[in-house]
Structure formats: C-alpha cells, structure tokens
Amino acid sequence: MSGHKLNAVLLAVLGAYMVVSLLDWLTTATALASGGHEGNPIAASVYVQYGATGLFAFKALVVGVIVAALLLVPRRVMSLRVAVWAAMAFALVTAVVVVGNLHALQHLTNGGDLHQVLPSNVRFL
C-alpha cells in the first residue's frame with residue numbers, strides 16, 4: 001500500500017479511535033453516576049474532584065497525546081504502518097472498554113435491561 005493510502009488509513013483509524021474514546025467517556029460517566037467504579041485510579045481521582053467534565057478533559061488529554069504521538073513521531077522512529085497498527089490497537093481496546101461499560105450499566109440500572117439505559121434512538125440488531 002502506498003504511503004498516501006496508509007496516511008489516509010491512519011487518519012480514518014484515528015478518527016474511529018476518537019469516536020470510541022468519546023463513547024468511553026460517555027459510558028464511563030453514566031456508569032459512575034449510576035454507582036459504578038472507575039478502574040483507572042487517576043481517572044477516578046479526577047472524577048471525584050472535577051466530575052464528568054474533568055473526566056472528559058482528562059480522557060481528551062490522553063487521547064490527544066496518543067493521536068499527536070502517532071501523527072508526529074518521525075517516521076524514521078515509527079513507520080506509518082506501525083502507527084496504523086498502533087492506532088487500530090488503541091481503537092479496538094477502547095471499543096472493548098465501551099462494551100464493558102455498557103455491560104456494567106446494564107447491571108447498574110433498570111434491573112439489567114440495557115434497552116432502558118441507552119437513548120431511545122439506539123436500536124439493536
């Protein structure tokens with residue numbers, strides 16, 4: 001694959017990572033407000049001190065550093081192909097975290113009915 005196409009793939013995967021990271025914040029904040037616990041001690045401390053807005057800022061900072069590193073690290077240090085794989089790994093791990101958050105929400109609210117947790121416009125297959 002050409003460098004131009006790999007660069008486009010990297011940008012698309014980073015976009016997906018940012019979207020699932022936003023979902024991570026949303027599901028985490030909702031779970032915490034419903035009595036859940038944050039597994040990351042730093043994020044938990046930020047949430048206790050600054051609430052959901054502080055948690056958003058913390059998660060946005062972490063995501064921003066990762067995105068910047070994958071975009072700005074010189075290619076002699078990290079190839080574009082490695083950056084794409086790393087971005088995919090971050091996106092996949094974060095997506096798994098979102099699924100875990102949804103599972104936790106299912107048990108924290110409304111007697112375990114996930115349909116009652118999500119907005120009414122979210123549909124399951």
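What number of residues in the stretch 23-50 are in a helix (DSSP H, G or I) and either in contact with a helix residue (DSSP H, G or I) (Cβ under 8 Å, 6 or more places away or on another chain) or not small (Gly, Ala, Ser) (or both)?
19
Within the stretch 79-88, is even one residue more than 19 Å from ASP24 (Cα to Cα), over 13 Å from the mean Cα position of the chain (by Cα) and not in a helix (DSSP H, G or I)? Yes, because at least one residue in the stretch 79-88 is more than 19 Å from ASP24 (Cα to Cα), over 13 Å from the mean Cα position of the chain (by Cα) and not in a helix (DSSP H, G or I). Cβ separations smaller than 7 Å between residues 6+ apart or across chains give the following pairs from the stretch 62-89 residues that are in contact (Cβ under 8 Å) with a residue 24 or more places away in the chain to residues that are in a helix (DSSP H, G or I) and surrounded by fewer than 12 Cβ atoms within 10 Å (Cβ to Cβ): LEU80/GLY3. The residue that is surrounded by the most Cβ atoms within 10 Å (Cβ to Cβ), counting only those in the stretch 39-59 that are touching a residue at least 12 places away in the same chain (Cβ under 8 Å) and closer than 17 Å to VAL97 by Cα, is LEU55. Considering each residue of the stretch 23-32 in turn, at least one proves to be under 17 Å from VAL99 (Cα atoms), in contact (Cβ under 8 Å) with a residue 40 or more places away in the chain and in contact with a Ser or Thr (Cβ under 6 Å, 6 or more places away or on another chain). When the stretch 63-113 is limited to residues that are among the basic types (Lys, Arg) and surrounded by fewer than 14 Cβ atoms within 10 Å (Cβ to Cβ), the one that is nearest to SER34 (Cα to Cα) turns out to be ARG75.
Please determine whether any residue of the stretch 14-21 is more than 14 Å from the chain's Cα centre (by Cα), small (Gly, Ala, Ser) and modelled with pLDDT of 95 or more. Steps first, please.
Looking only at the stretch 14-21, we keep the residues that are more than 14 Å from the chain's Cα centre (by Cα), and these are none.
Looking through the stretch 14-21, none of the residues is more than 14 Å from the chain's Cα centre (by Cα), small (Gly, Ala, Ser) and modelled with pLDDT of 95 or more.
The values are calculated or read from the model by the stated rules, or taken from the named source; none is laboratory data. Owing to the predicted nature of the structure, the values given are computational and were not obtained by experimental measurement. Here the Cβ is made from the backbone with ideal geometry for all residues, glycine too, and neighbour counts use every protein chain on show.
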